């Protein structure tokens, strides 16, 4: 196979990378703002069925609906759940626009559960407020989004993996270089603004099953955006605040506090006793979960066997038709029936995800990263606990702001030397006759993450982990791919590898413990607000290395009183001890 | 660096009687988020080429002839 020197270049105004949840909304918002702008949605899979909601979603976890909660209540709840380390302005903007987004989706045909009076049927799952809105028919949401893309004439380019963001000589983002996953063709997309919506980094750790693709997140969300952000020089934040979620043992789908909780299901220990007061996901809740899992009353179970037949049927309908519908098949294979016994639970591998924790590419309340012209939304961007609705709201914010940013801008001059050297680097595994298969390289990196980087975090272990990962850098020039598909995996593996190193560097920098299990640093077991009440930003040094610095917390826009600050510290049921 | 191939039991099964890929249908191949379904050059039918499955089910749900079945991968069963 020979490499042609003709790399095709396509010009567009706004490039959106990732067509899952935030991406389609960003594309529609950009078109609504400026119908004349050319907008391209680039997707590694196919926008019809891509991302975290490929099979739909069973509910909104964070709906701020008038009459049930106020944006101020919500900002407080998320500030407390995240131990104070939040860009409150960013959370507030989400909360202010949350209800309007629900109404927009409703008008597009997304069905939200309503009560007998026609009002949204809100459920309480969080520790303090009421924010959960079920979507029992949420399986069709991707279809609804796709229809909107067609209507707004958004250009869709499927089966291309974005690999590096391009920058012009003034430091603005000006497009990306991408790899075709079917034909191994390298293309350049030149744009006046770029919005990254690449989802969580869900393939950093290894699931307990050992199956590389049995991850909590859709495994196509492997951290492409996190790696691209680092390489282009954008700051990432909170990477030490890992995502770790409760799930059904071996079936890496959510164990569904949000679905079963409002219907009477709960998390129990082996004795069938409740041990946490609130199943809403926070680091503190995960710490209690982990302790119970490791302790004499473990493992942990999802308890539904006390519920009435019709309630169980309702739960089965939602859980087995939405979001992760192969769950019923998984239970059938083991002869598990919710009516008869509790279902074993476990915790997920680590990841970066702003949807459930706070780790990701830094964005402000306008969706801007630290690189001009580069925006981020959804699970990869840093607004904490934002879930699906947050992805929609920030997708919309990014689309609107990018449409304004491009006004009067001319196409940038491309750095051809960088592009050709990247092209050669991207295609190199295909040029070799033998070497290290991407699956082995990936397995090794992810196994090292499990061995040395997942909590409880210990300095010496993280030192060894980072040292072993750095030794793997010498393996990269030996990666070997036999076809375009394996080349995709080889490039994904390098992004995963970057994320693994970032997890170690950020974790070692924050010398305290915070967010319960997420950053349970054994050498520094206490939370230290004097020195560490700040964001930790990871960035690329002039030499190309990973480094961290502190970023002060912006002044709060919603104040907390002292009693509220500790609400999430007292989650353990007292009787359970 | 010599390499070897290992066999793997794959979770997605395509019923070749029902599959109409030889008539140009590419639905399951198009919707797979992991891009692991391909055309078998000999039979013209779809099959799972790479054992990299999230058992997410768009291939099964969207197949116009009900030819696709998604099983839970063996390691998870």
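Since every read-out is calculated from the coordinates, none of them should be taken as a lab result. Since the structure is predicted, the reported quantities are computational estimates derived from the model, not experimental observations. Backbone-built Cβ (ideal geometry, glycine too); neighbour counts: all protein chains shown.
Give me the percent relative contact order of region A:159-254, please, defined on Cα pairs under 8 angstrom at least 6 residues apart.
22
Using a cutoff of 8 angstrom between alpha carbon atoms and counting only pairs six or more residues apart, the relative contact order for chain A works out to 21 percent. Here region A:426-542 is treated as an ellipsoid with the same Cα gyration tensor; its semi-axes, largest first and in whole Å, are 33, 14, 11.
Take the Cβ atoms of residue A:440 and residue A:542, set R0 to 25 Å, and the FRET efficiency comes out at 0.15.
Distance between Cα centroids, region A:496-515 to region A:69-107: provide it in whole Å. Each part reduced to its Cα centre gives a spacing of 27 Å. Taking square-rooted eigenvalues a ≥ b ≥ c of the alpha carbon gyration tensor, is region A:301-450 rounded, prolate or oblate, where a/c under 1.5 means rounded and, failing that, a/b exceeding b/c means prolate? Oblate shape, in that a/c is at least 1.5 and b/c is the bigger or equal ratio.
Here each label is just a point 7 Å from Cα along the line to Cβ, and for residue B:13 and residue A:424 those points are 5.0 nm apart. Antiparallel DSSP bridges in chain A: what percent, to the nearest 5? Just about 70 percent of them are antiparallel.
Each peptide in A:507-516, A:325-334 receives the mean, over its residues, of other Cβ atoms within 10 Å, and ordering these scores from highest gives A:507-516, A:325-334. Among A:127, A:495, sorting on how many other beta-carbon atoms sit within 10 Å of each Cβ, with the fewest leading, yields A:127, A:495. Using only the Cα atoms of region B:17-67, build the gyration tensor, take square roots of its eigenvalues as a ≥ b ≥ c, and label the shape rounded, prolate or oblate: rounded if a/c is under 1.5, else prolate if a/b is larger than b/c, else oblate. It comes out oblate by the Cα gyration axes.
Compared with the alpha-carbon gap, the fully stretched path from residue A:450 to residue A:433 is longer by 3.0 nm at 0.36 nm per residue.
For residue A:124 and residue B:69, the FRET efficiency from 1/(1 + (r/R0)^6), where r spans their Cβ atoms and R0 equals 56 Å, is about 0.90. Averaged over the residues of A:212-222, the number of partner chain Cβ atoms lying within 10 Å of the residue Cβ comes to 4. The calculated 222 nm mean residue ellipticity attributable to helices in chain A amounts to -10500 deg cm²/dmol, summing -39500 (n - 2.57) over DSSP H runs of n ≥ 4 and dividing by all residues. Axis of helix A:387-405 versus longest Cα principal axis of chain A: the two differ by about 30°, to the nearest ten degrees. For chain A, the longest principal axis of the Cα atoms and the long axis of helix A:309-321 meet at an angle of about 10 degrees. Centre-to-centre, using Cα atoms only, region B:1-43 and region A:228-287 are separated by 34 Å.
In terms of the Cα gyration tensor, with a ≥ b ≥ c the square roots of its eigenvalues, is the protein assembly as shown rounded because a/c is under 1.5, prolate because a/b exceeds b/c, or oblate? Here the protein assembly as shown falls in the rounded category. Return the percentage of antiparallel bridges among DSSP beta bridges fully within region A:10-155, rounded to the nearest 5 %. Antiparallel: roughly 45 percent of the beta bridges in region A:10-155. Place a point 7 Å from Cα of residue A:183 in the direction of its Cβ. Which residues in region A:4-28 have their backbone N less than 15 Å from it? Once the point is set 7 Å along Cα→Cβ of residue A:183, A:4-10 turn out to lie under 15 Å by backbone N, inside region A:4-28. No solvent, one uniform scatterer per C-alpha: report log10 I(q)/I(0) for region A:246-347 via the Debye equation at q = 0.10, 0.12, 0.14 1/Å, two decimals. The computed values of log10 I(q)/I(0) come out as -0.24, -0.35, -0.48.
The long axis of helix A:141-151 is offset from the longest Cα principal axis of chain A by roughly 40 degrees. Once both labels are positioned 7 Å from their Cα atoms along Cα-to-Cβ, the gap between residue A:339 and residue A:463 label points is 5.8 nm.
Going from the residue with the fewest nearby Cβ atoms within 10 Å to the one with the most, A:388, A:546, B:9 rank B:9, A:546, A:388.
With the simple model of a label 7 Å out from the Cα in the direction of the Cβ, residue A:100 to residue A:475 spans 4.9 nm.
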